[in-house]
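*Asks:* Can you read through this structure? Questions will come right after.
The values are calculated or read from the model by the stated rules, or taken from the named source; none is laboratory data. Since we're looking at a predicted model, the values are computed, not measured. We place every Cβ from the backbone using ideal geometry, glycine too, and count neighbours over all the protein chains shown.
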Amino acid sequence: MFRTILSVLALLLVACAPDQTSTVIAIHPSAVSKAADIIQAVEDLNTAIGAEVFTVIQLEGYELIEGAAVVRLVERLAGDETVAGRTFHRAHSLDIVIEPETKPRIIAHELCHAAGLEHVEDDSNLMFYAPLRVALAATQREYLLGLVP
Ligand SMILES: [Zn+2]
């Protein structure tokens, strides 16, 4: 089922100009072992927003990267030991890097960075630097809803 949705989305993605935000989440071949957690993160986020804002696709290679935030898996992220995910804004793509142990709520946090949300000080919010739950403020939900074409 995943693959059939993919080919349709592939055509849509080619038509989209690359920008600095994305709610289309592409699972890079390196992150297939984390697919269940990534899908869980997307489902939790959509539930928190109250709409199907984020979409997941699976990449077979590099040809579909434009227009999507690409989730890659690495053994270990450099830097702070508490960091388990990081989002990079590149010239033609948004890359999210996660580790094998990264929890769905951290993935959800990174997906929101990819969608353009910044950190907040509220430790009950998903965009707290070390989030404990997938909870969004009304202004964040409104922003994310506004990204849906
Ligand atoms: Zn962050």
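*Asks:* Looking at segment 74-93 only, could you name the residues that are at pLDDT 90 or above and part of a strand (DSSP E or B)?
*Replies:* If the condition is that a residue be at pLDDT 90 or above and part of a strand (DSSP E or B), then G85, R86, T87 are the ones that fit.
*Asks:* Taking the stated definitions as given, is D37 within 16 Å of the ligand (Cβ to nearest atom) and either more than 25 Å from L147 (Cα to Cα) or charged (D, E, K, R) (or both)?
*Replies:* No: the conditions fail for D37.
*Asks:* Looking at A108, A78, which is the one that is over 12 Å from the mean Cα position of the chain (by Cα) and more than 10 Å from the ligand (Cβ to nearest atom)? Steps first, please.
*Replies:* Working: A108 fails: over 12 Å from the mean Cα position of the chain (by Cα).
A78 is the lone residue from the list that is over 12 Å from the mean Cα position of the chain (by Cα) and more than 10 Å from the ligand (Cβ to nearest atom).
*Asks:* Have a look at V71, V97, V120 and point out the one that is surrounded by 13 or more Cβ atoms within 10 Å (Cβ to Cβ), within 15 Å of the ligand (Cβ to nearest atom) and part of a loop (DSSP other than H, G, I, E, B).
*Replies:* After ruling out the rest, the residue left standing is V120.
*Asks:* For segment 123-144: of the residues being assigned to a loop (DSSP other than H, G, I, E, B) and more than 12 Å from the ligand (Cβ to nearest atom), which is nearest to V70 (Cα to Cα)?
*Replies:* By that ranking, first place goes to V134.
*Asks:* If Y62 satisfies every condition in (1) in a loop (DSSP other than H, G, I, E, B); (2) at pLDDT 95 or above; (3) among the hydroxyl-bearing types (S, T, Y) but one, which is the exception?
*Replies:* (2)
*Asks:* Here is a follow-up. Tell me, yes or no, whether segment 101-114 has at least one residue that is over 25 Å from H28 (Cα atoms) and either among the polar types (S, T, N, Q) or exposed (fewer than 12 other Cβ atoms within 10 Å of the Cβ) (or both). So that I can check it myself, show each step before the final result.
*Replies:* Filtering segment 101-114 down to residues over 25 Å from H28 (Cα atoms) leaves none.
Within segment 101-114 (the criterion being over 25 Å from H28 (Cα atoms) and either among the polar types (S, T, N, Q) or exposed (fewer than 12 other Cβ atoms within 10 Å of the Cβ) (or both)), the answer is no, since none of the residues qualifies.
*Asks:* When you look at E121, is it among the acidic types (D, E) and at pLDDT below 95, yes or no? It would help to see each step written out before you state the result.
*Replies:* Working: among the acidic types (D, E): yes; at pLDDT below 95: no.
Answer is no for this residue.
*Asks:* Please go through segment 123-133 and pick out each residue that is touching a residue at least 24 places away in the same chain (Cβ under 8 Å) and either among the basic types (K, R) or surrounded by fewer than 23 Cβ atoms within 10 Å (Cβ to Cβ) (or both).
*Replies:* A130, P131, L132, R133
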